[in-house]
Amino acid sequence: VDASVGGKNGVNFSGYKKAAAGFNQPEWVICDTELLRTLPNREVLSGFAEIIKHGAIGDAEMFGFLESRADRALGLEPEVIERLVYDSVVIKAAIVNRDERERGERRKLNFGRTFGHAVEKVTRIPHGEAVSIGMAVAARLSVQKGLLSSDRAGRIPALIDRYGLPTRLEVNPENAVDALRRDKKREGDRINFVLLRDIGEAVVREIPLKELEAVVYGY
């Protein structure tokens, strides 16, 4: 639901995500949902983190479907999984088609990833778990910025928790701040950060690094 679509090909280096990377679009992608049954449960849950992200940034109906079908989704019921995989691919592919090289709209796909990558770098937890924590932080920051109501924001960590994913984790703040400073989305003393205006509606804002560092130290 994520890396198979979009054309990014990258290599991690010294603990930093996709430090050397390029773009090469696939001619076609096969999504064999039966393969999911061969994976450890922790890996399946990490995939759900990306699905939750897609609903949060681009499809309120899909987000509601995740809320109402959690048990069936976690049970990997074919009808539910096929819809979630299909809807996720449609959301990501549509964004990539409009902005292949992440100069504008594609940045929305980084919802939860900016803080998440910092957590991943410091703790070495799976990518999906780190993104889940990042989404919870981004939801709170969206409220602080006056973009998102607190009741809508509360649906984000509630859904993450329902899918057995973390919403917070003790991290070394100094190491997390160092990782943020090295983030590829940084532009000078600011960083492009994805916030929510509503469930299913993401916006990209330039946030001063000092402000994000304050979030980390207060986390």
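The values are calculated or read from the model by the stated rules, or taken from the named source; none is laboratory data. Note that the structure is predicted; figures quoted are calculated from it, not measured. With ideal geometry, Cβ positions are generated from the backbone for all residues, glycine too; neighbour counts draw on all protein chains shown. Side chains are part of the model used for accessible areas, which takes the heavy atoms of the whole protein and leaves out ligands, DNA and RNA. Shrake-Rupley method; radii C 1.70, N 1.55, O 1.52, S 1.80 Å.
Some values worked out for this structure:
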quantity: Close pairs (8 angstrom Cβ cut-off, 6 or more residues apart or separate chains): at pLDDT 80 or above in segment 1-20, of a type in the set (Ser, Thr, Tyr) and outside any strand (DSSP E or B) anywhere; calculated: 1/88; 2/88
quantity: Conditions (1) surrounded by fewer than 18 Cβ atoms within 10 Å (Cβ to Cβ); (2) in contact with a Phe, Trp or Tyr (Cβ under 8 Å, 6 or more places away or on another chain); (3) more than 26 Å from residue 13 (Cβ to Cβ); number of the one not met by residue 218; calculated: (2)
quantity: Only one of 111, 63 that is surrounded by 15 or more Cβ atoms within 10 Å (Cβ to Cβ), out of contact with any strand residue (DSSP E or B) (no Cβ under 7 Å at 6 or more places or on another chain) and of a type outside the set (Val, Ile, Thr); calculated: 63
quantity: Which listed residue is at pLDDT below 95 and of a type outside the set (Ser, Thr, Tyr), from 72, 98, 83, 42; calculated: 98
quantity: Qualifying positions in segment 147-164 - open to solvent by less than 40 Å² (accessible area, probe 1.4 Å) and in contact (Cβ under 8 Å) with a residue 60 or more places away in the chain; calculated: 156, 159, 160, 163
quantity: Members of segment 170-219 that are basic (Lys, Arg) and not in a helix (DSSP H, G or I); calculated: 182, 184, 185, 186, 190, 197, 205
quantity: Filtered residues of segment 165-205 (kept if of a type in the set (Asp, Glu) and at pLDDT 90 or above); calculated: 198, 201
quantity: Conditions (1) out of contact with any Leu (no Cβ under 9 Å at 6 or more places or on another chain); (2) closer than 22 Å to residue 73 by Cβ: number failed by residue 218; calculated: (2)
quantity: Among the residues listed as 50, 77, the single one being out of contact with any Phe, Trp or Tyr (no Cβ under 8 Å at 6 or more places or on another chain), open to solvent by less than 20 Å² (accessible area, probe 1.4 Å), modelled with pLDDT of 95 or more and of a type in the set (D, E, K, R); calculated: 50
quantity: Unmet requirement for residue 152, which otherwise passes all of (1) under 23 Å from residue 124 (Cβ atoms); (2) over 15 Å from the mean Cα position of the chain (by Cα); calculated: (1)
quantity: Matching residues in segment 117-140 - criterion: being modelled with pLDDT under 90 and under 22 Å from residue 208 (Cα atoms); calculated: 117, 118, 119, 120, 121, 122
quantity: Inter-residue pairs, beta-carbon under 8 Å, first outside any loop (DSSP other than H, G, I, E, B) and in segment 24-43, second open to solvent by 80 Å² or more (accessible area, probe 1.4 Å), 6+ apart; calculated: 33/82
quantity: Residue list for segment 9-35, filter: open to solvent by less than 50 Å² (accessible area, probe 1.4 Å) and under 26 Å from residue 83 (Cα atoms); calculated: 33
quantity: Among (1) under 22 Å from residue 183 (Cα atoms); (2) open to solvent by 30 Å² or more (accessible area, probe 1.4 Å) - the single one residue 57 does not satisfy; calculated: (2)
quantity: Meets criteria (buried (at least 23 other Cβ atoms within 10 Å of the Cβ) and either more than 17 Å from residue 199 (Cα to Cα) or touching a strand residue (DSSP E or B) at 6+ places or on another chain (Cβ under 6 Å) (or both)) for residue 142; calculated: yes
